[in-house]
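Undergrad: I have a structure here, written as structure tokens, and I will follow up with some questions on it.
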Amino acid sequence: MDAPISQMVYQSPLVTRNASPEMLAVFSPQRKFSTWRRIWLALAEAQQQLGLPITDEQLAPMRAHLDDIDFEEADRQEQRLRHDVMAHLHTFAKAAPPAKAILHWGATSMDIVDNTDVLLLRDALDIIGRKLAALIDALGRFAAQWKDLPVLSYTHLQPAQPCTLGKRAVLWCYDFVLALAEIELRLQTLMLRGIKGSTGTQASFLELFEGDHEKVRQLEYIVTEKLGFQRVHPVTGQSYSRIVDVQVVVSLAAIGAAAHKMAQDIRLSAAFKELDEPLEEQQVGSSAMAYKRNPVLCERVTGLARWLMGIVQQPLFTAAQQMFERTLDDSSNKRLSIPEAFLCADAILDILIHVANGIVVNHKVSVQRLREELPFLVTENLLMAAVKAGGDRQELHEIIRRHSLAAAQQVKQNGRPNDLMERLKAEPALAAVDVGKILEPRQYVGRSVQQVEEFIDHYVVPIRERYRGRLEHKVALKV
């Protein structure tokens with residue numbers, strides 16, 4: 001049996017395995033080219049409004065054919081013309097013949113393409129912002145649930161003073177709060193390129209309006225308003241500054257960095273058997289090792305995050321390479337870097353929302369692992385208590401040091417349990433100290449519980465309010 005045609009060509013895994021249908025729709029040919037048509041329509045309507053000879057009979061068929069694009073015809077035209085904008089312009093003219101004479105009047109390709117790109121950026125950033133808010137909400141709920149479970153902390157990936165699982169979760173969460181602030185800033189400062197002509201001087205439109213500068217300004221404002229914006233870039237060359245694309249992709253890459261850190265922490269916790277990812281009923285962990293429960297979702301996140309963080313270089317190179325008013329080498333690169341950055345960030349957030357809503361906490365393992373290390377971690381507190389009870393600080397330090405090294409040797413070289421506390425309890429010099437009380441883990445988590453509560457109140461709750469009605473997000477992972 002012959003393989004289906006779809007299996008005979010390469011398809012990006014971002015499309016087939018990772019990104020959501022809603023993000024794929026934003027960067028679909030249908031959305032892109034129907035938006036081109038809407039900009040052509042907005043331009044013609046504005047020109048009519050300002051007195052150019054454009055009739056309602058020319059506008060009506062344009063409005064009637066905004067979405068029914070003949071893609072086969074567009075492909076034929078592009079093969080002939082080797083110019084995608086002109087190909088779709090001819091295709092639109094065939095669908096709306098009365099408008100042929102006035103379509104694209106005075107415009108250059110980037111009046112259409114760049115403004116479309118900004119509209120797509122706005123839609124894509126909105127999706128990312130909403131999903132970040134959903135992830136922050138999920139992590140906030142997880143942190144609140146486990147705010148007082150003491151766990152072993154790590155610095156240098158070595159055991160350190162304990163915190164709580166909830167505190168660790170708000171560390172993850174805060175990274176995404178910062179990332180959301182960047183996405184919201186990008187949305188707030190996003191501007192259309194505007195209607196500026198071939199090199200950004202608006203010369204063609206000034207000629208159309210016979211030197212009337214005010215009408216040229218009005219034309220740009222009317223088109224901008226019709227497209228749902230209030231602001232345009234004050235100056236452009238043929239294209240808007242590609243620093244905008246840098247800012248957007250850097251904001252997405254920050255999500256990648258935050259996601260990588262969270263996913264890697266969960267992977268390490270799974271290795272310690274403290275946490276597990278959500279597991280599907282029939283999910284297979286290994287083709288050979290039937291007992292395996294691998295953290296495959298978080299592994300997938302770290303892999304995608306590396307890709308996302310790497311994309312940052314591309315818009316940087318593109319922005320730096322723009323000679324004078326514009327060079328076309330940005331186009332082929334931008335077709336890859338902008339959509340893939342969004343598809344990648346979108347996939348990462350969907351996976352992490354799913355994980356955050358279903359993390360399995362093996363709290364008894366966490367308690368056991370903390371208790372195994374706690375004797376070493378509390379020796380300073382033990383020393384202080386013994387000195388307060390009348391002991392000699394230097395002599396006590398030497399006793400504790402000697403027993404700590406011996407207990408560590410038993411653990412590391414002989415594989416035996418940590419018996420440091422038993423050794424210290426037997427020391428006459430420490431007889432006045434209640435060692436059992438000193439070993440209570442909650443004494444050493446500092447303000448972890450209060451920090452979780454304060455963080456949720458001051459950061460998570462306002463985001464929940466800001467995105468009220470938009471936090472319900474059902475993730476349907478493809479694989």
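The values are calculated or read from the model by the stated rules, or taken from the named source; none is laboratory data. Not measured: the values here are computed from a predicted model. Note that we place each Cβ from the backbone using ideal geometry, even for glycine, and neighbour counts take in every protein chain shown.
Undergrad: Working carefully through the options 369, 335, 402, find the one that is under 30 Å from residue 258 (Cβ atoms), free of Cβ contacts under 8 Å to residues at least 24 places away in the same chain and among the basic types (Lys, Arg). Even if it seems obvious, please write down each step before you answer.
TA: Values: 369 fails: free of Cβ contacts under 8 Å to residues at least 24 places away in the same chain; 402 fails: under 30 Å from residue 258 (Cβ atoms).
Checking each option against the conditions leaves just 335.
Undergrad: When you look at residue 373, is it in contact with a strand residue (DSSP E or B) (Cβ under 9 Å, 6 or more places away or on another chain), assigned to a helix (DSSP H, G or I) and acidic (Asp, Glu), yes or no? If you could, list the steps in order and put the result at the bottom.
TA: Values: in contact with a strand residue (DSSP E or B) (Cβ under 9 Å, 6 or more places away or on another chain): yes; assigned to a helix (DSSP H, G or I): yes; acidic (Asp, Glu): yes.
Taking the combined requirement at face value, the residue satisfies it.
Undergrad: Still on this model: Does any residue of the stretch 131-151 turn out to be touching a Gly at 6+ places or on another chain (Cβ under 8 Å), of a type in the set (D, E, K, R) and surrounded by fewer than 20 Cβ atoms within 10 Å (Cβ to Cβ)?
TA: Yes, there is a match, as at least one residue in the stretch 131-151 is touching a Gly at 6+ places or on another chain (Cβ under 8 Å), of a type in the set (D, E, K, R) and surrounded by fewer than 20 Cβ atoms within 10 Å (Cβ to Cβ).
Undergrad: Somewhere in the stretch 432-439, is a residue in a loop (DSSP other than H, G, I, E, B) and in contact with a Gly (Cβ under 9 Å, 6 or more places away or on another chain)?
TA: Taking every residue of the stretch 432-439 in turn, at least one turns out to be in a loop (DSSP other than H, G, I, E, B) and in contact with a Gly (Cβ under 9 Å, 6 or more places away or on another chain).
Undergrad: Those residues that are surrounded by fewer than 18 Cβ atoms within 10 Å (Cβ to Cβ) and either within 10 Å of residue 96 (Cα to Cα) or in contact with a Gly (Cβ under 7 Å, 6 or more places away or on another chain) (or both), I need them from the stretch 58-77; list them, please.
TA: 60, 61, 63, 64 - these are the residues of the stretch 58-77 that are surrounded by fewer than 18 Cβ atoms within 10 Å (Cβ to Cβ) and either within 10 Å of residue 96 (Cα to Cα) or in contact with a Gly (Cβ under 7 Å, 6 or more places away or on another chain) (or both).
Undergrad: Looking only at residues that are under 23 Å from the mean Cα position of the chain (by Cα), surrounded by 12 or more Cβ atoms within 10 Å (Cβ to Cβ) and charged (D, E, K, R) in the stretch 431-479, which one is nearest to residue 373 (Cα to Cα)?
TA: Among those that are under 23 Å from the mean Cα position of the chain (by Cα), surrounded by 12 or more Cβ atoms within 10 Å (Cβ to Cβ) and charged (D, E, K, R), it is 464.
Undergrad: Checking the structure you have, find out if any residue of the stretch 353-363 is among the small types (Gly, Ala, Ser), within 19 Å of the chain's Cα centre (by Cα), surrounded by 20 or more Cβ atoms within 10 Å (Cβ to Cβ) and farther than 30 Å from residue 419 by Cα.
TA: Yes; the residues of the stretch 353-363 include at least one that is among the small types (Gly, Ala, Ser), within 19 Å of the chain's Cα centre (by Cα), surrounded by 20 or more Cβ atoms within 10 Å (Cβ to Cβ) and farther than 30 Å from residue 419 by Cα.
Undergrad: What are the residues in the stretch 199-214 that are farther than 18 Å from residue 109 by Cα and touching a helix residue (DSSP H, G or I) at 6+ places or on another chain (Cβ under 8 Å), if any?
TA: Scanning the stretch 199-214 gives 209, 212, 213.
Undergrad: Being under 30 Å from residue 206 (Cα atoms) and modelled with pLDDT under 95 narrows it down to one of 88, 104, 83, so name that one.
TA: 83
Undergrad: Do we have residue 11 as among the polar types (S, T, N, Q), more than 18 Å from residue 114 (Cβ to Cβ) and not in a helix (DSSP H, G or I) here?
TA: It is true that residue 11 is among the polar types (S, T, N, Q), more than 18 Å from residue 114 (Cβ to Cβ) and not in a helix (DSSP H, G or I).
Undergrad: List pairs: first in the stretch 259-275 and closer than 15 Å to residue 157 by Cα, second assigned to a helix (DSSP H, G or I) and at pLDDT below 95, Cβ under 7 Å, 6+ apart or cross-chain?
TA: 272/369
Undergrad: Here's something else I'd like to know. In the set 329, 350, which member is within 23 Å of residue 32 (Cβ to Cβ), of a type in the set (Asp, Glu) and modelled with pLDDT under 95?
TA: Exactly one of 329, 350 is within 23 Å of residue 32 (Cβ to Cβ), of a type in the set (Asp, Glu) and modelled with pLDDT under 95, namely 329.
Undergrad: Go through 442, 401, 447 for me and flag whichever is touching a helix residue (DSSP H, G or I) at 6+ places or on another chain (Cβ under 9 Å) and either among the hydroxyl-bearing types (Ser, Thr, Tyr) or closer than 30 Å to residue 179 by Cβ (or both).
TA: Step by step, each of 442, 401, 447 is checked, and only 447 is touching a helix residue (DSSP H, G or I) at 6+ places or on another chain (Cβ under 9 Å) and either among the hydroxyl-bearing types (Ser, Thr, Tyr) or closer than 30 Å to residue 179 by Cβ (or both).
Undergrad: Filtering the stretch 419-431 down to residues that are of a type outside the set (D, E, K, R) and part of a helix (DSSP H, G or I), which residue is modelled with the highest pLDDT?
TA: 428
Undergrad: Yes or no: residue 407 of a type in the set (Gly, Ala, Ser) and either without any contact (Cβ under 8 Å) to a residue 24 or more places away in the chain or outside any helix (DSSP H, G or I) (or both)? Give the steps one after another, and end with the answer.
TA: On the way: of a type in the set (Gly, Ala, Ser): yes; either without any contact (Cβ under 8 Å) to a residue 24 or more places away in the chain or outside any helix (DSSP H, G or I) (or both): no.
No.
Undergrad: Name the residues in the stretch 46-57 that are surrounded by fewer than 18 Cβ atoms within 10 Å (Cβ to Cβ) and in a helix (DSSP H, G or I), would you?
TA: 48, 49, 56, 57
Undergrad: Something else: So residue 416 fits all but one of (1) among the charged types (D, E, K, R); (2) under 42 Å from the mean Cα position of the chain (by Cα); (3) not in a helix (DSSP H, G or I); what number is the exception?
TA: Here residue 416 clears every test but (2).
Undergrad: Within the stretch 188-227, restricting attention to residues that are part of a loop (DSSP other than H, G, I, E, B) and free of Cβ contacts under 8 Å to residues at least 24 places away in the same chain, which residue is surrounded by the most Cβ atoms within 10 Å (Cβ to Cβ)?
TA: Here the residue is 202.
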